[in-house]
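See structure below.
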Amino acid sequence: MRRRAGRGGQADGVLAALGFADPEVAVLTPRGSSFLVEDPNAEAQQVRWEHRHVHRASLVLFWFPESESHQLIAPYELGMMAAEPTPLAVGVGPAYVRRNNLVVQLSLARPGLTVQSRLEDTIHQVRAVLDTAVDAAEDNPYSAEQQ
């Protein structure tokens, strides 16, 4: 089952980078959103969509590239998810304006989480988390495949 949200097939590119040929994985990204920030109804609808889907996810990836802005909402969403048990993969580019702040905050909220510096390494971190989840499911005597 492949689902895309976003533009330009970004989800397919991420899946291919993770090595999924015919994935049973859904990648959802709000990047393709084309709502006008000036329209409070459209913005509220987008926020609700993001909130609903991020809380339904079994793994969430955050990537903070070099940016002149502080991207106020994305760090808030990361902090919200850091307080949840959902597995995270986080990458913060070396030139991201608040890199040190995010790294320190995450070291306190999620001491075992390694913050990556490159998008490619962040994607590999996702693959490792997914592989661990598959291995754990295969070892579970109560899983559907074992019955």
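Here is how the numbers come out for the structure above:
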| quantity | calculated |
| --- | --- |
| The one condition in (1) at pLDDT below 90; (2) touching a Leu at 6+ places or on another chain (Cβ under 7 Å); (3) of a type in the set (Phe, Trp, Tyr) that Trp63 fails to fulfil | (1) |
| Pro111 part of a loop (DSSP other than H, G, I, E, B) and modelled with pLDDT under 95 | no |
| Residue within the stretch 96-103 that is in contact (Cβ under 8 Å) with a residue 40 or more places away in the chain and either outside any loop (DSSP other than H, G, I, E, B) or surrounded by fewer than 16 Cβ atoms within 10 Å (Cβ to Cβ) (or both) present | no |
| Residue check for Val115: surrounded by 14 or more Cβ atoms within 10 Å (Cβ to Cβ), under 20 Å from Ala133 (Cα atoms) and of a type in the set (Val, Ile, Thr) | yes |
| Enumeration of residues in the stretch 17-41 that are in a helix (DSSP H, G or I), modelled with pLDDT under 85 and farther than 17 Å from Ala128 by Cβ | Pro30, Arg31, Gly32, Pro40 |
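This table checks each residue for (1) basic (Lys, Arg); (2) closer than 21 Å to Asp131 by Cα; (3) in a loop (DSSP other than H, G, I, E, B); (4) in contact (Cβ under 8 Å) with a residue 40 or more places away in the chain.
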residue: Arg52; (1), (2), (3), (4): yes, no, no, no
residue: Trp63; (1), (2), (3), (4): no, yes, no, yes
residue: Glu66; (1), (2), (3), (4): no, no, yes, no
residue: His70; (1), (2), (3), (4): no, no, yes, no
residue: Pro75; (1), (2), (3), (4): no, no, no, no
residue: Leu78; (1), (2), (3), (4): no, no, no, no
residue: Val90; (1), (2), (3), (4): no, yes, no, no
residue: Gln105; (1), (2), (3), (4): no, no, no, no
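The values are calculated or read from the model by the stated rules, or taken from the named source; none is laboratory data. Note that the structure is predicted; figures quoted are calculated from it, not measured. Every residue, glycine as well, gets a Cβ built from its backbone with ideal geometry; the counts of neighbours run over all protein chains shown.
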